1. Identify all residues within the range 96-132 that are polar (S, T, N, Q) and surrounded by 17 or more Cβ atoms within 10 Å (Cβ to Cβ); write none if there are none.
2. When you check Ala85 against the structure, is it part of a helix (DSSP H, G or I) and closer than 26 Å to Met20 by Cα, yes or no?
3. In this structure, is Ala40 more than 18 Å from the chain's Cα centre (by Cα) and exposed (fewer than 14 other Cβ atoms within 10 Å of the Cβ)?
4. I'm told Leu93 meets every condition in (1) within 21 Å of Leu110 (Cβ to Cβ); (2) surrounded by 12 or more Cβ atoms within 10 Å (Cβ to Cβ) except one. Can you identify the failing condition by its number?
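Coordinate-derived values only; no laboratory data. Predicted model, so just to flag it, every value in this text is computed and none were measured. Don't worry about glycine lacking a Cβ; one is built from the backbone with ideal geometry, like all the others, and counts go over all protein chains shown.
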Amino acid sequence: EAAKVDEAAAYLTETAELFMPTFAIQDAEARAKARQELCAGPLKEKFARMAEMIEAAGGEFLGGPKPGYPDFALFSFVSWLVCGAVDGMPSGLLDAHPAIKAHHNRVAALPTVTKMYESVTEGPRLSYKPLP
């Protein structure tokens with residue numbers, strides 16, 4: 001299980017790093033286009049691999065039957081992508097990635113996560129709740 005956790009954490013870091021160069025793009029239209037291209041290509045491939053990792057670990061979490069660091073990291077990353085505060089992200093991004101959305105919702109439904117965000121009623125942190 002530790003090897004699965006390490007692999008997932010490293011892979012997620014690599015996935016998040018795809019977006020770092022877009023923050024240096026000053027032109028909003030060009031930045032949005034770059035992010036949309038990432039979502040249509042490299043991110044799609046990375047999410048497919050993450051879905052395989054979840055399935056290989058038992059279908060619930062990335063490292064096995066209990067959530068761990070990479071699960072919370074993926075949850076936070078996905079929440080950031082879909083929160084509406086990052087320009088250029090396509091609406092319905094997770095529609096093409098049901099396993100990633102299901103994972104997000106499993107983490108969001110954990111009692112500690114639910115309690116932390118239960119009072120949130122608006123803004124970007126709404127994405128830390130289960131997604132429709």
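1. The first filter runs over the range 96-132 and keeps only residues polar (S, T, N, Q), leaving 105, 112, 114, 119, 121, 127.
Within the range 96-132, just Ser127 meets the criteria.
2. Working: part of a helix (DSSP H, G or I): no; closer than 26 Å to Met20 by Cα: yes.
No: the conditions fail for Ala85.
3. On the way: more than 18 Å from the chain's Cα centre (by Cα): no; exposed (fewer than 14 other Cβ atoms within 10 Å of the Cβ): yes.
Against the criterion (more than 18 Å from the chain's Cα centre (by Cα) and exposed (fewer than 14 other Cβ atoms within 10 Å of the Cβ)), Ala40 does not qualify.
4. Status for Leu93: all satisfied but (1).
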